[in-house]
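Notes for the one structure printed next.
The values are calculated or read from the model by the stated rules, or taken from the named source; none is laboratory data. Everything quoted here is computed from the prediction, not taken from an experiment. Note: ideal-geometry Cβ built from the backbone for every residue, glycine included; neighbour counts use all protein chains shown. In case anyone asks, the SASA skips ligands and DNA or RNA and just uses the protein heavy atoms, side chains included. Shrake-Rupley method; radii C 1.70, N 1.55, O 1.52, S 1.80 Å.
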Amino acid sequence: MINIGSKLKKERELLNMSKSSVAKKMGFNHYQTISEIESGKREVKAWEIVKLAGIYGRKVDFFLKPEVAQCSQKVLWRNRQTQEQTVMDERRFLVFCENYARLLKLNDKTISSFNIKFSIEKSNFSNRAFRYVEDIAGEISRFYNLGSRPACVLPKLLEDQGILLLYLDLGESGPGASSDGNFGKAILVNSSDAPWRQNYDIAHELFHILTWDIFTDEEIYADDNTSKSAVEKWADAFASVMLLPEEAVKLEFNRKATGDKIEYLSLIEMARDFQVSLPALLWRLVNLGILEKDNVEKALADGAIADIDKKARFNDWHYEVPYLSNRYIELAIRAYDKGKLSKRKLADYLDKPLGDIAAFLANYGYDEEQDYSHELIAP
């Protein structure tokens with residue numbers, strides 16, 4: 001027999017939520033109602049299960065089916081927030097990862113395995129860590145031919161190579177994350193971030209994907225939230241080197257500089273060209289020995305360059321915010337068109353109300369009345 005009340009209690013406690021807070025979200029007058037449901041003294045109604053499942057970030061089936069031992073999927077966060085928020089975001093991320101894998105199968109596609117052609121040795125980080133990080137970034141850039149502006153091609157390249165890339169709204173300060181499970185390798189990007197911040201996070205999380213089995217959680221997470229571990233610093237360095245190739249950066253700097261000076265606007269134009277943040281560009285120039293560290297620190301502390309950057313890149317914020325991923329959405333629409341997904345299930349996979357699906361499909365150029373079965377035959 002399924003003890004729904006016990007499951008509900010376990011989920012509430014895991015999220016560190018009080019009975020009073022859950023009762024308030026449910027619209028109950030008193031927390032005692034939650035106590036009675038969890039203890040089995042009061043039968044839980046269908047609509048209550050649906051709403052509680054939403055509050056706890058679970059699917060309804062989770063509470064209706066017998067509990068079975070499940071393999072936990074590890075998620076590596078850029079930095080950990082409150083327990084409740086992290087668990088909720090993590091559950092949502094993993095659900096979409098599992099859905100992504102199912103959509104691939106429904107479209108007769110296999111889950112690709114992202115495999116690099118060279119080995120990464122942990123011992124090499126001991127003696128020449130940052131130089132080794134640069135070597136790894138260079139190997140990846142050359143092997144996948146990322147070119148002089150990697151940020152322009154990196155997201156699509158990773159998806160083509162089998163990494164699931166998902167964009168979810170994690171709030172203003174929500175961190176990125178990565179995972180490696182039975183669905184393959186996946187990267188979570190905060191869709192609320194600026195485009196250039198998203199590019200940096202993708203490259204940062206790629207480092208964790210590449211070194212997934214090398215570093216322990218204790219090595220990755222610092223003892224407190226105010227500092228970065230050595231591994232996180234290496235991930236930042238990897239992102240910087242990958243997105244700002246030395247030769248391309250030097251060439252562009254020399255084009256824009258006048259003697260040993262370069263205007264703020266020229267630096268901002270460079271950051272926009274490489275699709276990275278201004279601070280990321282400035283510190284890369286410092287590490288390449290092109291700009292003086294003290295001068296960059298003073299410029300950033302003064303605030304003038306940051307103010308000019310904010311104004312100059314104002315329009316860059318007005319872009320189409322990514323949702324899930326175009327590849328994920330295309331797979332869902334194709335499965336629906338082939339009759340492998342009902343419209344209700346499609347709405348579930350796209351995390352949209354059923355009544356909004358028609359407009360959502362139209363926005364993606366899909367006409368439900370159109371016959372998409374026509375084919376051409378190659379000789």
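Just a few scattered comments:
- Meets criteria (closer than 30 Å to Thr110 by Cα, open to solvent by less than 30 Å² (accessible area, probe 1.4 Å), out of contact with any Cys (no Cβ under 9 Å at 6 or more places or on another chain) and assigned to a loop (DSSP other than H, G, I, E, B)) for Leu170: yes
- Filter result (of a type in the set (Gly, Ala, Ser) and open to solvent by 70 Å² or more (accessible area, probe 1.4 Å)) within segment 261-301: Ala301
- Selection count, segment 98-156, where residues are farther than 27 Å from Glu219 by Cβ, open to solvent by 70 Å² or more (accessible area, probe 1.4 Å) and part of a helix (DSSP H, G or I): 5
- In segment 81-93, residue least open to solvent (accessible area, probe 1.4 Å) [restricted to those that are at pLDDT 85 or above and of a type in the set (Asp, Glu)]: Asp89
- Elements of type helices (runs of 4 or more DSSP H) contained in segment 216-260, each with 1 or more residues being surrounded by 20 or more Cβ atoms within 10 Å (Cβ to Cβ) and in contact with a Cys (Cβ under 8 Å, 6 or more places away or on another chain): none
- Restricted to segment 302-338, and to residues there that are touching a residue at least 12 places away in the same chain (Cβ under 8 Å) and part of a loop (DSSP other than H, G, I, E, B), the residue that is surrounded by the fewest Cβ atoms within 10 Å (Cβ to Cβ) is Tyr319.
- For segment 339-350, residues that are open to solvent by 30 Å² or more (accessible area, probe 1.4 Å) and either part of a helix (DSSP H, G or I) or among the acidic types (Asp, Glu) (or both) total 4.
Residues checked against (1) within 20 Å of Ser178 (Cβ to Cβ); (2) at pLDDT below 85:
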site	(1), (2)
Phe62	no, yes
Ala69	no, yes
Asn79	yes, yes
Val95	yes, no
Asn99	yes, no
Asn127	no, yes
Asp135	no, no
Gly138	no, no
